[in-house]
1. Can you name every residue in the stretch 158-179 that is surrounded by fewer than 15 Cβ atoms within 10 Å (Cβ to Cβ) and either at pLDDT below 95 or of a type in the set (Lys, Arg) (or both)?
2. If we keep just the residues of the stretch 122-157 that are of a type in the set (Gly, Ala, Ser) and under 11 Å from Thr185 (Cα atoms), which is surrounded by the fewest Cβ atoms within 10 Å (Cβ to Cβ)?
3. Identify, please: which residue in the stretch 146-186 is touching a residue at least 60 places away in the same chain (Cβ under 8 Å) and aromatic (Phe, Trp, Tyr) and is, among those, farthest from Tyr129 (Cα to Cα)?
4. Taking only the stretch 136-184 into account, find how many residues are among the aliphatic types (A, V, I, L, M) and farther than 20 Å from His88 by Cα.
5. Hey, could you check the stretch 79-88 for residues that are touching a residue at least 12 places away in the same chain (Cβ under 8 Å) and out of contact with any Lys or Arg (no Cβ under 7 Å at 6 or more places or on another chain) and say which is surrounded by the fewest Cβ atoms within 10 Å (Cβ to Cβ)?
6. For the stretch 96-121, how many residues meet the condition of being crowded, with 23+ Cβ neighbours inside 10 Å and either in contact with a strand residue (DSSP E or B) (Cβ under 8 Å, 6 or more places away or on another chain) or of a type outside the set (D, E, K, R) (or both)?
7. For the stretch 88-124, name all the residues that are among the basic types (Lys, Arg) and either modelled with pLDDT of 95 or more or closer than 13 Å to Leu66 by Cα (or both).
Amino acid sequence: MKVTVQRSMAIVRKSALLVFTVLLCVGCSEDDFDPSRPNVGAFVEQLKRGTYSNYEKGDEGQDLWLKMPEFNEDHIAELIEYARDTTHIKVFPSNPLASMPPFPPNRDYLYLGEYLLWCVEGVRNGSGYGSLVPYLRPANLPPSGISSATDTDVLAAREKYLIWWKEYKDGDWKGHHPLESTDYTW
């Protein structure tokens, strides 16, 4: 009898542990993302799927704009690594102060890599946003110009950021502009 009760108690404990684990997992979603403690890989996946949905809220709880993750220098290498991806994205946080659309005039998407480099630029310049608009453009044209970067340009810019990070990550990385010697700007 004593052995049967012990076995029954062991089964109950294992069942309770299993139920607790299942409930814990059900409460967690792959889409859960905390902008104050960003996970670059999870952010990239949400951008690619178009499911990023962390909004800044108004006084009455209404959605205002998508929150920018609080990236810092610990995220830079990973952001640059993911920037080799030129998938087209259409849903992403942008600078709420911008009065222009977040897309270049000649396309209705950003390249993922372009956007991620813009995120790096926001860390470098200390504002959280790379600029008012999140796309590369020729330095000699205003943001409203009709030209924008191609996927090849984005990959070339990524190489500049990669070189910049390797050279300055242990020094004055904020004081050196990765695109300084290029024809592109934010």
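1. Lys166, Lys169, Lys174
2. Checked the stretch 122-157; the qualifying residue surrounded by the fewest Cβ atoms within 10 Å (Cβ to Cβ) is Ala139.
3. Trp165
4. 5
5. Result: His88.
6. Adding up the residues that qualify gives 10.
7. Taking the stretch 88-124 first, the residues among the basic types (Lys, Arg) are 90, 107, 124.
Hits for the stretch 88-124 are Lys90, Arg124.
The values are calculated or read from the model by the stated rules, or taken from the named source; none is laboratory data. Keep in mind the model is a prediction, meaning the values are calculated, not measured. Backbone-built Cβ (ideal geometry, glycine too); neighbour counts: all protein chains shown.
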